[in-house]
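Participant: Structure in structure tokens, see below.
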Ligand code: GLU
């Protein structure tokens, strides 16, 4: 179980992502990371340990941008290390992916995929997303994610990805585990749990299984696995998220 959040906005999003990750830290805390797009470049920061470690490095590096994704990990495949922390970028650094869940047959999926695939062996199941979505990226990111999502891989999963050549675009896909869209004014969010976005908006949409959402600062498009547009009303969530500042360590299990 991990926590994911993404944001496409008209303002810098690193602090929004870190705030959302603090709300999700109960879901996993062996490593954390974020990726943003700045001036056409994809910038990724990852750290072992808790969100405070990541936040410190983000502050030192000054990494920020208007579109980004973040992740707090509880490793299932591959050691809990900085290298295996999410987001995972594809080989060309064109897009980054965060993933919550398990792809049991990731080696088989990679082996049977068309194209060259990554040149380095993968240690974690989630990396397969970044490499294969990039291979399908001939039309739109949404179609590439849909093609990959329709492939026959096993295990519950949800993911969000962001490509540097569409610097305001974020795509999320749901399979079994919940995925929520937050609709703020001039900023849209994706998260594994509504608590991660409630500091920023109370207007949320819960995706159904198999749905894929394409987010830009001013709009959300939701499609099913066949690419057909889905119309979905949002709900107003009345409960309030706890403040997301740095907090003392706590322990739990997930
Ligand atoms: N399977 C992924 C990994 O080990 C995601 C972990 C999870 O969602 O618990 O990185």
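Participant: Scan region 61-111 residue by residue and report those that are over 21 Å from residue 172 (Cα atoms) and away from the ligand (no atom under 16 Å from the Cβ).
Facilitator: Those that are over 21 Å from residue 172 (Cα atoms) and away from the ligand (no atom under 16 Å from the Cβ): 61, 62, 63, 111.
Participant: Shifting gears a bit: For residue 92, are the conditions met, namely being surrounded by fewer than 21 Cβ atoms within 10 Å (Cβ to Cβ) and either at positive phi or at pLDDT 85 or above (or both)?
Facilitator: no
Participant: For region 134-146: of the residues being at pLDDT 80 or above and assigned to a helix (DSSP H, G or I), which is farthest from residue 99 (Cα to Cα)?
Facilitator: Looking at residues that are at pLDDT 80 or above and assigned to a helix (DSSP H, G or I), I get 143.
Participant: May I ask you to list pairs of residues, at least six apart or on different chains, whose Cβ atoms are under 8 Å apart, with the first in region 88-115 being within 20 Å of residue 177 (Cβ to Cβ) and in a helix (DSSP H, G or I) and the second being more than 16 Å from the ligand (Cβ to nearest atom) and at pLDDT below 85?
Facilitator: Listed pairs, sorted by first residue: 109/151; 109/152.
Participant: Can you name every residue in region 148-176 that is more than 16 Å from the ligand (Cβ to nearest atom), in a loop (DSSP other than H, G, I, E, B) and at pLDDT below 70?
Facilitator: Of everything in region 148-176, those that are more than 16 Å from the ligand (Cβ to nearest atom), in a loop (DSSP other than H, G, I, E, B) and at pLDDT below 70 turn out to be 151, 152, 164, 165.
Participant: Among residues belonging to region 116-133 that are in a loop (DSSP other than H, G, I, E, B) and at pLDDT 65 or above, point out the one that is nearest to residue 37 (Cα to Cα). Don't jump to the end; show me each part of the working.
Facilitator: Residues of region 116-133 that are in a loop (DSSP other than H, G, I, E, B), as a first pass: 116-126.
Applying the additional criterion that residues be at pLDDT 65 or above yields 121-126.
Numbers: 121: 26, 122: 24, 123: 25, 124: 24, 125: 24, 126: 20 Å.
Filtering region 116-133 for residues that are in a loop (DSSP other than H, G, I, E, B) and at pLDDT 65 or above, the one nearest to residue 37 (Cα to Cα) comes out as 126.
Participant: Checking the condition out of contact with any helix residue (DSSP H, G or I) (no Cβ under 8 Å at 6 or more places or on another chain) and assigned to a strand (DSSP E or B), which residue from 75, 8 passes? Don't jump to the end; show me each part of the working.
Facilitator: On the way: 75 fails: assigned to a strand (DSSP E or B).
None of the others qualify; the one that does is 8.
Participant: Under the condition of being in a helix (DSSP H, G or I) and more than 24 Å from residue 181 (Cα to Cα), which residue from region 11-53 is farthest from the ligand (Cβ to nearest atom)? Please lay out each step first, then the result.
Facilitator: Here is the first cut: in region 11-53, the ones in a helix (DSSP H, G or I) are 14-27, 51-53.
Right, trim to more than 24 Å from residue 181 (Cα to Cα) and you get 52-53.
On the way: 52: 20, 53: 17 Å.
Once the filter is applied, the top-ranked residue is 52.
Participant: Regarding residue 50, is this residue touching a helix residue (DSSP H, G or I) at 6+ places or on another chain (Cβ under 8 Å), buried (at least 24 other Cβ atoms within 10 Å of the Cβ) and over 16 Å from residue 64 (Cβ atoms)?
Facilitator: Working: touching a helix residue (DSSP H, G or I) at 6+ places or on another chain (Cβ under 8 Å): yes; buried (at least 24 other Cβ atoms within 10 Å of the Cβ): no; over 16 Å from residue 64 (Cβ atoms): yes.
Against the criterion (touching a helix residue (DSSP H, G or I) at 6+ places or on another chain (Cβ under 8 Å), buried (at least 24 other Cβ atoms within 10 Å of the Cβ) and over 16 Å from residue 64 (Cβ atoms)), residue 50 does not qualify.
Participant: Select from region 225-254 the residues that are modelled with pLDDT of 95 or more and within 22 Å of the chain's Cα centre (by Cα) and list them in ascending order.
Facilitator: Quick first cut of region 225-254, residues modelled with pLDDT of 95 or more only: 228-230.
Within region 225-254, 229, 230 meet the criteria.
The values are calculated or read from the model by the stated rules, or taken from the named source; none is laboratory data. Treat the numbers as computed from the prediction; the structure is a model and nothing was measured. Ideal geometry is used to build each Cβ from the backbone, glycine not excepted, and the neighbour counts take in all protein chains shown.
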